[in-house]
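First up is the structure itself, then whatever we jot down about it.
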Amino acid sequence: MIDDIGQFRNEVDIVKYAAAGISSEHKGNQPHMRGFRSNVLLEDGVWDATFNNGDSANVDSYEVLRGPAAVLYGGRPTLAGIIMRSTKKPSMTPGYMVRGIFGSENFNRVEVDLKGPITDSLFGSSGELSYRLVAGLQRDKGFPTGNKDDRELLFPALQLDFPNTTFRVQGEISEQRTGGVPLGFFTQDLKNLY
């Protein structure tokens, strides 16, 4: 569904499609559920304090648990609910995806998603080692000009599977540079106004 929406700017806009009754503040980066602001997020089952406008190229799915049932997850209970984000996982099934999006107002985006096996016989015959590499690059001068949203993302992951145990190591390196539109009256010399 995330690919179908084609939403890269804001995680809250993606989550709005996952469950009804979710809205956002004026800036769009803080979800509201059941009338309460909730920025409580679990990423792959771990509490994450950064619900932001980050890139969603490495996200596989979002789930929303609304209401008091969210206190079952402990941590910082909230009456609003929690949002659970699952990242893309390594796989023994090879897969390769390259996507380019080019739009108006100098919007350019390229994504790469690679996954597959490294070896299927690590530590004898019981261990399988697989990888996933997700990368994204976006250049957006925005509309009106100057309202830019440039992003870079690199998300490598390795997974070692045994019959009863899975070890996964993953990391995220990302940067986002945004800029608003300067308003004319803020850029004038205030001394000349009086």
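Express the carbon and sulfur contribution to the solvent-accessible surface of the stretch 57-149 as a percent, rounded to the nearest whole number, probe 1.4 angstrom. Please report the intermediate quantities before stating the final value.
Values: 2870 of 4930 Å².
Taking all protein chains in place, the stretch 57-149 shows 58 percent carbon and sulfur surface.
Near the amide H of Ser91, under 5 Å away, which other amide H atoms are found, from residues 5 or more places off or on another chain, if H is placed in the peptide plane?
Close amide H contacts, sequence-distant or interchain: Gly116, Tyr131.
Under the definition of Cα pairs under 8 Å and six or more residues apart, what whole-number percent is the relative contact order of the stretch 82-154? Walk me through the numbers on the way to the answer.
Details: 151 pairs, mean separation 19.7, N = 73.
27 percent.
Once amide H atoms are placed 1.01 Å from N in the peptide plane, what residues at a sequence separation of 5 or more from Gly142, or on another chain, have their amide H within under 5 Å of its amide H?
Asp149
Can you tell me the accessible area per residue over the stretch 87-143, all protein chains present, probe 1.4 angstrom, in square angstrom?
Numbers: 3160 Å² over 57 residues.
Accessible area per residue, the stretch 87-143: 55 Å².
Peptides 89-98, 110-119: what's the order by average Cβ count within 10 Å, highest mean first?
Values: 89-98: 12.9, 110-119: 16.0.
Descending packing order for the listed peptides: 110-119, 89-98.
The values are calculated or read from the model by the stated rules, or taken from the named source; none is laboratory data. Note that this is a predicted model, so its numbers are computed, not measured. As a convention, Cβ positions derive from the backbone with ideal geometry for all residues, glycine included, and neighbour counts pool all protein chains shown. In case anyone asks, the SASA skips ligands and DNA or RNA and just uses the protein heavy atoms, side chains included. Shrake-Rupley method; radii C 1.70, N 1.55, O 1.52, S 1.80 Å.
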